[in-house]
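Asker: Structure below; questions to follow.
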Amino acid sequence: PLACAVAGASLDLLAETDWMGEVARLEAALRRGLEPCRGLPGVADVRVLGGIGVVEMERPMSTAALQRFFVDAGVWVRPFSRLIYLMPPFVTSDDDAAVLAGAVFRAIEQGKWA
C-alpha cells in the first residue's frame, strides 16, 4: 500500500506540474554546478542530460572513501567505478542541485576519489 501511495503521488505530480520545464531547469542547474569539475585533475568528462549529471573520472575511484565524504557532506551521491552521477528528483531546487554539485566538486578537488 505504501509503494502504491507513493507511485500515485508521483503520478499526480507529473499530471499537475510542468515536469518538462522542471527537468529543463534542473538540467541547467546541474550543468552550471558540474561544469567546473571539467578542469580538475583526473576528470575525463562531464555530461548532463535532463535530470542526470555525470562526472566521469579517468580511472576507477575509491567508492568507499567517496561515499563517506558525501555522507559527511550531507548529500546522497552514489559513485560507481569511474562515474559520479547525480539523479535528483525533478522537483529539486536550484539551491539543492548546487549543494549536490558542490559536494562532487569538493570531493574531486580534495582528491577523495583517489
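Each reported figure results from applying straightforward, stated rules to the coordinates on display, with no laboratory input. On a predicted model such as this, the values are computed, not experimentally measured, just so you know. Ideal geometry is used to build each Cβ from the backbone, glycine not excepted, and the neighbour counts take in all protein chains shown.
Asker: Tally up the residues in segment 85-114 that are of a type in the set (D, E, K, R) and under 13 Å from Pro41 (Cα atoms), please.
Answerer: 3
Asker: Which one of these is within 12 Å of Phe105 (Cα to Cα) and loosely packed, with under 11 Cβ neighbours inside 10 Å: Pro41, Pro1?
Answerer: Sole residue among the options that is within 12 Å of Phe105 (Cα to Cα) and loosely packed, with under 11 Cβ neighbours inside 10 Å: Pro41.
Asker: Another one. Hey, does segment 96-112 have a residue that's out of contact with any His (no Cβ under 9 Å at 6 or more places or on another chain), surrounded by 13 or more Cβ atoms within 10 Å (Cβ to Cβ) and farther than 16 Å from Val55 by Cα?
Answerer: yes
Asker: If you go through segment 50-67, how many residues are assigned to a loop (DSSP other than H, G, I, E, B) and of a type in the set (Ser, Thr, Tyr)?
Answerer: Total meeting the criteria: 1.
Asker: If you don't mind, there's one more thing I want to ask. Taking Arg59 and the conditions (1) surrounded by 14 or more Cβ atoms within 10 Å (Cβ to Cβ); (2) over 15 Å from Gln110 (Cα atoms), which numbered condition does it fall short on, given that it satisfies the others?
Answerer: (1)
Asker: So which of Ala64, Ala44, Ala9, Ala29 ends up being small (Gly, Ala, Ser) and in contact (Cβ under 8 Å) with a residue 40 or more places away in the chain?
Answerer: Being small (Gly, Ala, Ser) and in contact (Cβ under 8 Å) with a residue 40 or more places away in the chain holds for just one of Ala64, Ala44, Ala9, Ala29, which is Ala29.
Asker: For the subset of segment 83-105 comprising residues that are out of contact with any helix residue (DSSP H, G or I) (no Cβ under 8 Å at 6 or more places or on another chain) and assigned to a helix (DSSP H, G or I), which member is farthest from Glu58 (Cα to Cα)?
Answerer: The residue in question is Asp95.
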